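The structure appears below as structure tokens.
The values are calculated or read from the model by the stated rules, or taken from the named source; none is laboratory data. For clarity, every value in this text was computed on a predicted model and none was experimentally measured. Backbone-built Cβ (ideal geometry, glycine too); neighbour counts: all protein chains shown. All accessible areas refer to the heavy atoms of the entire protein, side chains included, with ligands and DNA or RNA removed. Shrake-Rupley method; radii C 1.70, N 1.55, O 1.52, S 1.80 Å.
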Amino acid sequence: MNQLARLDSASIPFIDLAAQRRRLGRSIDDAIARVLDHCQFILGPEVRALEAELAAFCGARHCVTCASGTDALMLVLMAKGIGSGDAVICPSFTFTATAEVVALVGATPVFADVEEPTFNLDARSLQRACAMARRLGLRPKAVIPVDLFGQPADYKSIAALAESEKLFVLDDAAQAFGASCGNQRLGAIAPATATSFFPAKPLGCYGDGGAVFTDDEELARIMRSLRVHGEGRDKYEGARIGLNGRMDTLQAAVLIEKLKIFPDEITARERIARRYSAGLSDIVTVPTVADGASSVWAQYTIRLASCRRDALAAALRQQGIPTAVYYPIPLHRQQIYRDFPIAEGGAPVSERLAEEVISLPMHAYLDEVTQDRIIEAVRHSLGA
Ligand SMILES: *Cc1c(COP(=O)(O)O)cnc(C)c1O
């Protein structure tokens, strides 16, 4: 996700933050000016206001904002006391931050495979990962399902298994804030949900930012302490080892304005995803959304045989159409994670997806003419 393609004027942007900026106009300038007037740059009034609005938006009791999506994941693991000797199961087909935080708190990430149609954690592989962890003398403590590309993981199957294995479920919704399962939004589904407001995510600020959602008051209280160096009754009485992990007031002010148009942007992304699928489903494998779930389409990701994938990327680049491969190397294949275990049976689906996936430009301001140009270019370069 960490690519903000900036291209010349003839090129199509991969994500068009400038178009959104034009739409927001003065409202963003005014919101920033208000912060510049009151000068409460750290944990100012906008931070509290945003937390209340985000919690209401997704139906969670508590929202604790923080400095990034990575810190959001960290805060939960730290608050749950997860560390040395503990195993935390992560899908292998995800961004590095999902597993990085596990290693950072001194616990062991154990990799599991994903399901082919949704790219999300496979509950059967999760079970095998728990068995592997135990065999290695580790205590399986938590699982971090990822809602990849904007679509919720299969929380029904995962919750059932988490209950029998006594795992805490931490949802990595960095790419999927706003998505839902049935009539529940992410944030209200898992015991804790972490999200990111990195500019390229579906709801992004103008820098780094993140949040954790939970119904657990005690967990929220501990995370509010952890994000301010583990403060106790005040900043100078330490209650625990913590972080400098707060969200800036300026970012909160920006997000309050962006949240107002977010439902409309989600609708636009859904419409654009439907048009892509209508134009491409006869020539490539288009993404599928599970029954009863909705996606916020952080990415629109198609699949095709690897040699054709790389040729497609080159052909599109020549026509000023950027693409991206999320993710070219599954985590269990990366050098930095080579000493960590993997579920029995490995992660063959993650390996296959890494060879076959390619994401097309996707944002709420992609107009139909531009989208048709992209669809035509894909069809033409695949000989359709
Ligand atoms: C972006 C992302 C993160 C990290 O969020 P930051 O705000 O960049 O720290 C974590 N997990 C996934 C799946 C992501 O895509």
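Condition test on Ser125, is it away from the ligand (no atom under 16 Å from the Cβ), within 22 Å of the chain's Cα centre (by Cα) and under 17 Å from Ala343 (Cα atoms)? Spell out the reasoning first.
Working: away from the ligand (no atom under 16 Å from the Cβ): yes; within 22 Å of the chain's Cα centre (by Cα): yes; under 17 Å from Ala343 (Cα atoms): yes.
Yes.
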Among (1) in a loop (DSSP other than H, G, I, E, B); (2) closer than 30 Å to Arg21 by Cβ, which single condition is Asp171 missing? (1)
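Looking at the stretch 21-42 only, could you name the residues that are basic (Lys, Arg) and closer than 18 Å to Ile261 by Cβ?
As a first pass, look at the stretch 21-42 and keep what is basic (Lys, Arg): 21-23, 26, 34.
Residues satisfying the conditions are Arg21, Arg22, Arg23, Arg26.
Find the helices (runs of 4 or more DSSP H) located wholly in the stretch 1-119 whose residues include 1 or more that are basic (Lys, Arg), and list them. Explain how you work it out, then say what you get.
Details: elements: 17-24, 26-38, 45-58, 69-79, 97-104.
Filter on the stretch 1-119 gives 17-24, 26-38, 45-58.
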Within the stretch 49-60, identify whether any single residue is at pLDDT 95 or above, more than 16 Å from Lys258 (Cα to Cα) and of a type outside the set (Phe, Trp, Tyr), and answer yes or no. yes
The stretch 79-96, subset within 15 Å of the ligand (Cβ to nearest atom) and open to solvent by 10 Å² or more (accessible area, probe 1.4 Å), residue nearest to Val110 (Cα to Cα): Thr96
